[in-house]
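Enquirer: Take a look at the following structure, please.
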Amino acid sequence: MSPENTRDLPESETSGGLKTDLTLGLPGDSQVQKSGIKRGFSDAVHSNDAKAESQPPSKAQVVGWPPVRTYRKNLMKNGKYVKVAVDGAPYLRKVNLEIYSSYQDLSTAMGDMFTCLIICNVLNERKLVDSANGEEYVPTYEDKDGDWMLVGDVPWKMFVESCKRLRLMKSSEAIGLGSAAPSTPSKGSSTSC
Amino acid sequence: MAQSFPEDVLEHVFSFLNYDKDRNAVSLVCKSWYEIERLCRRRIFIGNCYAVSPEIVIRRFPDVRAVELKGKPHFADFNLVPEGWGGYVYPWIVSLARAYPWLEEIKLKRMVVTDESLELISKSFKNFKVLVLLSCEGFTTDGLASIAANCRNLRELDLGESEVEDLSGHWLSHFPDNCTSLVSLNISCLGSEVSFCALERLVARCPNLKTLRLNRAVPLEKLPNLLCRAPQLVELGTGVYSAEIQSDIFSNLAEAFLGCKQLKGLSGFWDVVPAYLPAMYSVCSRITSLNLSYATAQNPELVHFVSQCSNLQRLWVLDYIEDAGLEALAASCKDLHELRVFPSDPFDAEANVSLTEQGLVAVSEGCPKLQSVLYFCRQMSNAALVAIARSRPNMIRFRLCIIEPRAPDYLTLEPLDTGFGAIVENCKELRRLSMSGLLTDRVFEYIGTHAKKLEMLSIAFAGDSDLGLHHVLSGCESLRKLEIRDCPFGDKALLANATKLETMRSLWMSSCSVSFGACKLLGQKMPRLNVEVINERGPPDSGPESCPVEKLYVYRTIAGPRVDMPGFVWTMDEQVSSSLSRVTERRGD
């Protein structure tokens, strides 16, 4: 798969059927219908991408609406917030990259944020793994040039500066992603948690 | 009528009256009571600085020790009041300085305060003790330096959420070494770093310091230094709550918090790193007030921390708490009085968090003392509002903001009239209400019929016709403040209820359908109202009389039209004729 395709639907969609049982909620949450509007994962991916492509950078905003005080708006703007998507979860999270000082801190935070994922040692590397099915997730990011790269190859500060958004991708799809050093996702190898 | 008690006995009795309402009532009994009361009133509250002049105040009350003033209308918080509108405190300070050399307290909200004003305060009042500046602007850290340097007995310096031009953090060093009187210090709004050594020494030498709210620039690693010098703190606002994850930083922090046995309130938490939240677990069970509204922590750390605070009475939090977190809150914090949920991403049309009406319903059902709510969300239903109303007839303040204007009940696609109607019908003590979503004139009929104790009402993108406004103005007996934006309310309701406006503090209407002609008429008919038209695009008389004004601010006053209006504000009074009379622009400073 070319880097371009990594933004497309996960393999379950293209193979014509949903392999995983997708519900409205993060993997591991109880199956609860959160609202009257059901959003399948593919819809979420599509709408997000469509949004990014077709909509102007900021929706035309009504002055003073919603009624959030300027003081609060200004304070929230600080920091570098990027969206984090996890394959299989319809809701995005946002992280402020500026509060972390290393990749380790960030991956700890990812583990905390997506409780289904735990950090395991895989061949002496810390990896994020789905606690339900053992599937490995690879953190990837979109850089300033629009390319999807593997997280961890450039110095931390450079990463913070160039990262536009994050995606925790199933490692089976991360083949062929741009990275500074070649890395082979390890599947089925011994893991110790 | 012969006086039954000597003056000093009456004065002694009156000294037990602290509420303005009581003192006002007492002063209406007879002339001699009016005279005795006015000589012994020490605290003055002026809800609209343009409703009265300093001279009138001073003439009536010759010996005042505390003054509280409010300036701009509430919608100024959301950028609806243009820059330069007014609210200058300087003329007040000049008059107060002359008349009340023993003044001890000045509290200001939404006013323009200059360094000149601060310097004048610091030099005019020898026993000055309390300065509170909430949502003010116009001053720099130089002004703060004057206060620090000259106010020998300063007890309280609270900068609220003011906009301060931060020239340097050096101002704090102006507190003299013999200043030991501080009880409360809130510098959370300041951007730049204050000298930490100076702060540390100041905290160490003020044994009565109960409230300390730091600014973001104070690093987390240094917080223990302050906490161990002030273990008596009752309210703490942290600085930035993030640091590299190191065990010695954590243990220092945990140990310092362990020493703070009086801590009841927490705030701050900018850039929070969740790993550091457990450092506060030792204080959680005593916490009654928690402001996490700048904390970008998410679940599960967020809800885990909040649930530890079993005695929580007030919680301000971002919508990262989500429905699940609010359900946990409802189960663990049975003493909750007040909940405010702010939006983490107000300008994103898509929800970025799983927070819906369900969270609010859960808290309303689970927390029997809940009486004050501010809630931002992206969907609402009549059913949910009815459930909330039925669970919480003790609700006093209910402010709901559905982010998309005119959003209907998401289940039935109907207006939310029934839901808000249930709120006003069941919550008979409701004093403040802010509404949003799709609303027709019917909701205003419910409000006019039932909301008899309502004092403040905020309306946006609602209603169909003048009838809506008429219901409110004719039905809400206790109404003091009404603020309206983007509603199709016009001349008829306004003019039909002109006398009602004299019983209220103020009315704000922007992007409505009130014509220039109606404003003129109102101004001419009601001499005790200031009817101010705000038109940034040009004079209101440059178009036909039927043309709607951009913004209208009407307030009762005994001081006549104000003299400090900028070029885009016009007062409609008796002198208004075809050639618009405009008072010379003179800024108050």
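Enquirer: Scan segment B:473-494 for residues that are open to solvent by less than 40 Å² (accessible area, probe 1.4 Å) and closer than 18 Å to B:G517 by Cα and jot them down.
Expert: Of everything in segment B:473-494, those that are open to solvent by less than 40 Å² (accessible area, probe 1.4 Å) and closer than 18 Å to B:G517 by Cα turn out to be B:F489, B:G490, B:A493, B:L494.
Enquirer: I'm checking my understanding of the structure. Among residues of segment B:188-212 that are within 14 Å of another protein chain (Cβ to nearest Cβ) and not hydroxyl-bearing (S, T, Y), which one is surrounded by the fewest Cβ atoms within 10 Å (Cβ to Cβ)?
Expert: By that ranking, first place goes to B:G191.
Enquirer: Which residue out of B:L360, B:L385, B:L416 is among the aliphatic types (A, V, I, L, M), buried (at least 24 other Cβ atoms within 10 Å of the Cβ) and more than 20 Å from B:A451 (Cα to Cα)?
Expert: Step by step, each of B:L360, B:L385, B:L416 is checked, and only B:L360 is among the aliphatic types (A, V, I, L, M), buried (at least 24 other Cβ atoms within 10 Å of the Cβ) and more than 20 Å from B:A451 (Cα to Cα).
Enquirer: Of the residues that sit in segment B:164-181 and are crowded, with 17+ Cβ neighbours inside 10 Å and farther than 24 Å from B:A204 by Cα, which one is modelled with the lowest pLDDT?
Expert: By that ranking, first place goes to B:D166.
Yes or no, residue by residue, for (1) over 23 Å from B:G160 (Cβ atoms); (2) over 23 Å from the mean Cα position of the chain (by Cα):
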site: B:R38; (1), (2): yes, yes
site: B:F45; (1), (2): no, no
site: B:S53; (1), (2): yes, no
site: B:F61; (1), (2): yes, yes
site: B:A76; (1), (2): no, no
site: B:E83; (1), (2): no, no
site: B:G87; (1), (2): no, no
site: B:A97; (1), (2): no, yes
site: B:E104; (1), (2): no, no
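Enquirer: Something else about it: Looking only at residues that are open to solvent by less than 10 Å² (accessible area, probe 1.4 Å) and assigned to a loop (DSSP other than H, G, I, E, B) in segment B:278-297, which one is farthest from A:E98 (Cα to Cα)?
Expert: In this case the residue turns out to be B:I287.
Enquirer: I'm checking my understanding of the structure. Among residues of segment B:552-574 that are over 22 Å from B:S542 (Cα atoms) and assigned to a strand (DSSP E or B), which one is most open to solvent (accessible area, probe 1.4 Å)?
Expert: B:R556
Enquirer: Further question: For the structure I just gave you, tell me whether B:V64 is in a helix (DSSP H, G or I) and among the β-branched types (V, I, T).
Expert: Considered against the rule, which asks whether it is in a helix (DSSP H, G or I) and among the β-branched types (V, I, T), B:V64 comes out as no.
Enquirer: Could I ask something else about it? Which of the numbered conditions does B:S15 fail, given that it passes all the others? Conditions: (1) closer than 30 Å to B:D486 by Cα; (2) modelled with pLDDT under 95; (3) among the hydroxyl-bearing types (S, T, Y).
Expert: Condition not satisfied by B:S15: (1).
Enquirer: I need a count of the residues in segment B:87-109 that are over 11 Å from B:V67 (Cβ atoms), surrounded by fewer than 22 Cβ atoms within 10 Å (Cβ to Cβ) and not hydroxyl-bearing (S, T, Y).
Expert: Matching residues across segment B:87-109 total 7.
Enquirer: Next question, about the same structure. Return the only residue of B:E68, B:E83 being among the charged types (D, E, K, R), under 24 Å from B:P54 (Cα atoms), surrounded by fewer than 19 Cβ atoms within 10 Å (Cβ to Cβ) and in contact (Cβ under 8 Å) with a residue 40 or more places away in the chain.
Expert: Result of the check over B:E68, B:E83: B:E68.
Enquirer: Of (1) farther than 23 Å from B:G366 by Cα; (2) open to solvent by less than 40 Å² (accessible area, probe 1.4 Å); (3) out of contact with any Lys or Arg (no Cβ under 8 Å at 6 or more places or on another chain); (4) more than 14 Å from chain A (Cβ to nearest Cβ), B:P405 satisfies all except one. Which?
Expert: (4)
Enquirer: Check B:T449, B:T440 and return the single one that is out of contact with any His (no Cβ under 9 Å at 6 or more places or on another chain) and in contact (Cβ under 8 Å) with a residue 12 or more places away in the chain.
Expert: The unique qualifying residue is B:T440.
Listed here are the residues, each with its yes/no results for (1) over 23 Å from B:A243 (Cα atoms); (2) modelled with pLDDT under 80; (3) in contact with a strand residue (DSSP E or B) (Cβ under 8 Å, 6 or more places away or on another chain); (4) part of a loop (DSSP other than H, G, I, E, B).
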| residue | (1), (2), (3), (4) |
| --- | --- |
| A:K73 | yes, yes, no, no |
| A:K83 | no, no, yes, no |
| A:S107 | no, no, yes, no |
| A:N121 | yes, yes, yes, no |
| A:Y137 | yes, no, yes, no |
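Enquirer: Shifting gears a bit: Criterion first (touching a Ser or Thr at 6+ places or on another chain (Cβ under 6 Å) and open to solvent by 10 Å² or more (accessible area, probe 1.4 Å)) does B:L411 satisfy it?
Expert: Considered against the rule, which asks whether it is touching a Ser or Thr at 6+ places or on another chain (Cβ under 6 Å) and open to solvent by 10 Å² or more (accessible area, probe 1.4 Å), B:L411 comes out as yes.
Enquirer: Across segment B:319-374, what is the total count of residues that are more than 11 Å from chain A (Cβ to nearest Cβ), of a type outside the set (K, R) and outside any helix (DSSP H, G or I)?
Expert: 13
Enquirer: Here is a further query. Where residues in segment B:267-298 are among the small types (G, A, S) and within 15 Å of B:S310 (Cβ to Cβ), which of them is farthest from the other protein chains (Cβ to nearest Cβ)?
Expert: Step by step, filter segment B:267-298, then rank; the result is B:S285.
Enquirer: For segment B:67-108, give me each residue that is among the hydroxyl-bearing types (S, T, Y) and not in a helix (DSSP H, G or I).
Expert: B:Y88, B:Y100
Enquirer: Quick check: is even one residue across segment B:498-508 assigned to a loop (DSSP other than H, G, I, E, B), open to solvent by less than 50 Å² (accessible area, probe 1.4 Å), closer than 18 Å to B:R556 by Cα and not acidic (D, E)? So that I can check it myself, show each step before the final result.
Expert: Taking segment B:498-508 and keeping what is assigned to a loop (DSSP other than H, G, I, E, B), we get B:504-505.
Imposing the further condition that a residue be open to solvent by less than 50 Å² (accessible area, probe 1.4 Å) reduces the set to B:504-505.
Still in the list and also closer than 18 Å to B:R556 by Cα: B:504-505.
Next cut, not acidic (D, E) only: B:504-505.
Yes: one or more hits.
Enquirer: Please work out which residue is nearest to B:G84 (Cα to Cα), limiting yourself to segment B:138-159 and to residues that are open to solvent by 10 Å² or more (accessible area, probe 1.4 Å) and part of a loop (DSSP other than H, G, I, E, B).
Expert: It comes out as B:R155.
Yes/no per residue for (1) surrounded by fewer than 23 Cβ atoms within 10 Å (Cβ to Cβ); (2) part of a strand (DSSP E or B); (3) in contact with a strand residue (DSSP E or B) (Cβ under 9 Å, 6 or more places away or on another chain):
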{"residue": "B:A217", "(1), (2), (3)": "yes, no, yes"}
{"residue": "B:K222", "(1), (2), (3)": "yes, no, no"}
{"residue": "B:N225", "(1), (2), (3)": "yes, no, no"}
{"residue": "B:L236", "(1), (2), (3)": "no, yes, yes"}
{"residue": "B:I245", "(1), (2), (3)": "yes, no, no"}
{"residue": "B:A254", "(1), (2), (3)": "yes, no, no"}
{"residue": "B:Q262", "(1), (2), (3)": "yes, no, no"}
{"residue": "B:V272", "(1), (2), (3)": "no, no, yes"}
{"residue": "B:Y276", "(1), (2), (3)": "yes, no, no"}
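Enquirer: Give me a count of the residues in segment B:120-131 that are surrounded by 17 or more Cβ atoms within 10 Å (Cβ to Cβ), without any contact (Cβ under 8 Å) to a residue 60 or more places away in the chain and either in a loop (DSSP other than H, G, I, E, B) or under 22 Å from the mean Cα position of the chain (by Cα) (or both). So that I can check it myself, show each step before the final result.
Expert: If we filter segment B:120-131 for residues that are surrounded by 17 or more Cβ atoms within 10 Å (Cβ to Cβ), which is where we start, we get B:120-122, B:124-125, B:128-131.
Then keep just the ones that are without any contact (Cβ under 8 Å) to a residue 60 or more places away in the chain; that gives B:120-122, B:124-125, B:128-129, B:131.
Imposing the further condition that a residue be either in a loop (DSSP other than H, G, I, E, B) or under 22 Å from the mean Cα position of the chain (by Cα) (or both) reduces the set to B:125, B:128-129, B:131.
The number of residues fulfilling the criteria is 4.
Enquirer: Please name all residue pairs, on different chains or six or more residues apart, with Cβ atoms under 6 Å, provided the first residue is in segment B:408-432 and is more than 18 Å from B:I459 (Cα to Cα) and the second residue is surrounded by 22 or more Cβ atoms within 10 Å (Cβ to Cβ) and of a type in the set (A, V, I, L, M).
Expert: Taking only residues 6 or more apart or on different chains, the pairs are B:N426/B:A389; B:C427/B:M395.
Enquirer: A follow-up question, please. Given the conditions (1) open to solvent by 10 Å² or more (accessible area, probe 1.4 Å); (2) β-branched (V, I, T); (3) under 19 Å from B:I287 (Cα atoms), report the number of the one that B:V341 does not fulfil.
Expert: (1)
Enquirer: Could you say whether any residue in segment B:247-266 is at pLDDT 95 or above, within 20 Å of B:L302 (Cα to Cα) and within 13 Å of another protein chain (Cβ to nearest Cβ)?
Expert: No, segment B:247-266 has no match at all.
The values are calculated or read from the model by the stated rules, or taken from the named source; none is laboratory data. Computed from a prediction, not measured in an experiment: that's the story for all the values here. Heads up, the Cβs are rebuilt from the backbone with ideal geometry, glycines too, and the neighbour counts pull from every protein chain shown. All accessible areas refer to the heavy atoms of the entire protein, side chains included, with ligands and DNA or RNA removed. Shrake-Rupley method; radii C 1.70, N 1.55, O 1.52, S 1.80 Å.
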